[in-house]
1. Going by alpha carbons, how many degrees (0 to 90, nearest 10) lie between the helix axis of 62-81 and the longest principal axis of the chain?
2. Using +1 on the beta carbon of Lys and Arg, -1 on that of Asp and Glu, and nothing else charged, what's the dipole of the chain about the Cα centre, debye to 20?
3. Over the chain, what relative contact order in percent results from Cα pairs under 8 Å that are six or more residues apart?
4. Measuring from centroid to centroid over Cα atoms, what is the spacing of segment 75-132 and segment 1-63 in Å?
5. Using 0.36 nm times the number of residues separating residue 23 and residue 44, minus their current alpha carbon distance, what extension gain do you get?
6. On C-alpha positions alone, give me the angle between the axis of helix 98-128 and the longest principal axis of the chain, in degrees, nearest 10.
7. Output the 0 to 90 degree angle, nearest 10, between the alpha-carbon long axis of helix 17-53 and the longest principal axis computed from the alpha carbons of the chain.
8. Among 103, 96, which comes first, second and so on when ranked by fewest other beta-carbon atoms within 10 Å?
Amino acid sequence: MFFAYLVLRPALGPLEPEARAVVWQRVFGHFFPWVWLSVVVLLASGYGMLFLYSGGFAGAGGSIHLMQAIGIVMMLLFAHLYFVPWRRFSGAVEGKHFPEAVKQLNQIRRIVATNLVLGLLTIAVGASGRFW
């Protein structure tokens, strides 16, 4: 998310909106399968650690519960991004309806920015949780 928002987006800025939309479609088309895989791995490893090392939900501290809550919100945001604006964006690019593609790309950008902030918050909670 950091790369997409803070590196790729500014680098694509000088391109025409049509060209920019096509590049984003290709990037996301390769990136989103990795996000889905990451969701599965994070859920499996997180709940595995929770039950193997913390004794389940009862043995988990507040930081673990907070990370879980933030993570679920992030996953729901990504699922919405994938099934609504991404599908609309991809369809608009395929149909060469670039004003609609730009509109959907802006929605995707806002969701990515929100998830980036939530991800950084989750890292802070995870890194500081043992001090709670």
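None of the figures in this text is laboratory data; all of them are computed from the coordinates on show. Treat the numbers as computed from the prediction; the structure is a model and nothing was measured. Cβ sites come from the backbone with ideal geometry, for glycine too, and all protein chains shown count toward neighbours.
1. 20
2. The calculation lands at about 120 debye.
3. 36
4. Result: 9 Å between the Cα centres.
5. Here the segment from residue 23 to residue 44 would lengthen by 4.3 nm.
6. The answer is roughly 20 degrees.
7. Taking the Cα atoms of the chain, the angle to 17-53 is about 10 degrees.
8. Exposure proxy ranking, most exposed first: 96, 103.
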